[in-house]
Amino acid sequence: MTVDPPGDALVVRTGRGDRLEGTRVPVGSSISWQALERKAPIILEGPAATELRTPYTKDVEFAICLPLLVGAKTIGVLNVNRQSGHPGDEAVSFLRILAEQAAFSIDRLTLFGDLKRFAGQLLTQEEELRRTLARDLHDELAPILVSAHGQLQSAGVENEQIAQAVALLRRAIRATRDILGAVRPATLDDLGLVAALSVAAREIAATAGWALEEAMDDPGPLVPDAESSLYAVALEALRNVRRHAAAHEVRLALLTTPDMLEIVVADDGRGFAIEQWGEVRPGAGAFGLLVMRERIAFLGGVIKVQSRPGAGTTVRVVVPRERMRP
């Protein structure tokens, strides 16, 4: 049994014989609660002793209640009943070890659940910030830049400074569009992950001069936060190829199975040295890969990298489907 989060009951998590799962034992004089309060095992042979002040009257010859302790924290109890008498000291020692291991495992499982929830909250908050930033760029900054560019062009003044200002504004408009595309592209909301990735990959391929090969499965509906993370990571992988690889051919694939979703970005460029599959040495592109790994880790996935100088690079993103279903 484990302590219910409010701390007012023990809940049976598993049992044998009668189906006891889910049964609640309120705070009281039961031997389970007494074992928790004492932080020490209670062993019964026959009916409970009167000093225990408990209505424990099960028709068993032997019972032991072991508190599940993690440091000073009590998280539950392990109850064992036996109808054929004392099992022997060795068996009792084994049960004590089992209780210690069970407490450790339950505590780590609880921490892992808390971590998953926290990671999910972080991902949601990050996505909300990205949406806000994209909205501000689209509604505030971009129109100002476009208006200023138009005003200068229609001013009827021609000199070197005006020409330089117009050129700078064009660069600023392109940079703003690139940032919008990375933060939260309109195509992701309008067209979905597959089409948005395809559009972005073709635009980058056109500017970089690649031959682009695509193999895209339809993953179906995805949680918006997960969809945004997958898009951002795939886009960063493509941009890393443009920045560092000097590639001629690039393959973009989105592959799905009932349990997993995989994104592959492979190029035939210069490559770089890695210690082993997925271990990146400090150097060009390494920081970007670390950031990508953090985003995918929030989804319970992994990023693996295979590369060798002169032999190209393959980036694989693998994420469990269960973490992305709406």
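For the condition modelled with pLDDT under 85 and touching a helix residue (DSSP H, G or I) at 6+ places or on another chain (Cβ under 6 Å), residue 158 does not qualify.
Condition first: part of a helix (DSSP H, G or I), in contact with a His (Cβ under 8 Å, 6 or more places away or on another chain) and more than 24 Å from residue 239 (Cα to Cα). Can you find one or more residues in segment 147-169 that meet it? Full working, then the answer.
Within segment 147-169, the subset part of a helix (DSSP H, G or I) is 147-153, 160-169.
Now restrict to residues that are in contact with a His (Cβ under 8 Å, 6 or more places away or on another chain): 166, 169.
Going one step further and asking which of them are more than 24 Å from residue 239 (Cα to Cα), we end up with 166.
Yes; the residues of segment 147-169 include at least one that is part of a helix (DSSP H, G or I), in contact with a His (Cβ under 8 Å, 6 or more places away or on another chain) and more than 24 Å from residue 239 (Cα to Cα).
Among the residues of segment 23-39, the ones that are loosely packed, with under 14 Cβ neighbours inside 10 Å and either aromatic (Phe, Trp, Tyr) or not assigned by TED's automatic domain parsing to the domain that holds residue 73 (or both) come to 0 in all.
Listed here are the residues, each with its yes/no results for (1) of a type in the set (A, V, I, L, M, F, W, C); (2) in contact with a strand residue (DSSP E or B) (Cβ under 8 Å, 6 or more places away or on another chain); (3) surrounded by 15 or more Cβ atoms within 10 Å (Cβ to Cβ).
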| residue | (1), (2), (3) |
| --- | --- |
| 102 | yes, yes, yes |
| 109 | yes, no, no |
| 116 | no, no, no |
| 122 | yes, no, no |
| 140 | no, no, no |
| 144 | yes, no, no |
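The C-beta contact set for segment 184-204 (first residue in contact (Cβ under 8 Å) with a residue 40 or more places away in the chain, second residue of a type in the set (S, T, N, Q) and crowded, with 17+ Cβ neighbours inside 10 Å, distance under 8 angstrom, 6+ apart or interchain) comprises 184/228; 188/228. Residue 113 meets the conditions (1) small (Gly, Ala, Ser); (2) farther than 19 Å from residue 68 by Cβ; (3) part of a helix (DSSP H, G or I); (4) modelled with pLDDT under 90 in every case but one. The failed one is (2). Say whether the condition of being crowded, with 19+ Cβ neighbours inside 10 Å, closer than 25 Å to residue 267 by Cα and at pLDDT below 85 is met by at least one residue in segment 200-210. Looking through segment 200-210, none of the residues is crowded, with 19+ Cβ neighbours inside 10 Å, closer than 25 Å to residue 267 by Cα and at pLDDT below 85. The single condition among (1) modelled with pLDDT of 85 or more; (2) over 26 Å from residue 306 (Cβ atoms); (3) part of a helix (DSSP H, G or I) that residue 220 does not satisfy is (3). Considering segment 248-319, the qualifying strands (runs of 3 or more DSSP E), each wholly inside and each with 2 or more residues that are of a type in the set (A, V, I, L, M, F, W, C), out of contact with any helix residue (DSSP H, G or I) (no Cβ under 7 Å at 6 or more places or on another chain) and modelled with pLDDT of 90 or more, run over 249-256, 260-267. Taking residues in segment 238-256 that are in contact (Cβ under 8 Å) with a residue 12 or more places away in the chain and surrounded by fewer than 21 Cβ atoms within 10 Å (Cβ to Cβ), and partners anywhere that are of a type in the set (A, V, I, L, M) and assigned to a helix (DSSP H, G or I), the pairs with Cβ atoms closer than 6 Å and at least 6 places apart or on different chains are 242/204; 242/208.
Does residue 20 satisfy the criteria of being over 16 Å from residue 106 (Cβ atoms), surrounded by 19 or more Cβ atoms within 10 Å (Cβ to Cβ) and at pLDDT below 90? Reasoning before the result, please.
Numbers: over 16 Å from residue 106 (Cβ atoms): yes; surrounded by 19 or more Cβ atoms within 10 Å (Cβ to Cβ): no; at pLDDT below 90: yes.
No, not satisfied.
Taking residues in segment 96-123 that are within 20 Å of residue 77 (Cα to Cα) and not assigned by TED's automatic domain parsing to the domain that holds residue 80, and partners anywhere that are of a type outside the set (Ser, Thr, Tyr) and loosely packed, with under 13 Cβ neighbours inside 10 Å, the pairs with Cβ atoms closer than 8 Å and at least 6 places apart or on different chains are 107/73.
The values are calculated or read from the model by the stated rules, or taken from the named source; none is laboratory data. Note that the structure is predicted; figures quoted are calculated from it, not measured. With ideal geometry, Cβ positions are generated from the backbone for all residues, glycine too; neighbour counts draw on all protein chains shown.
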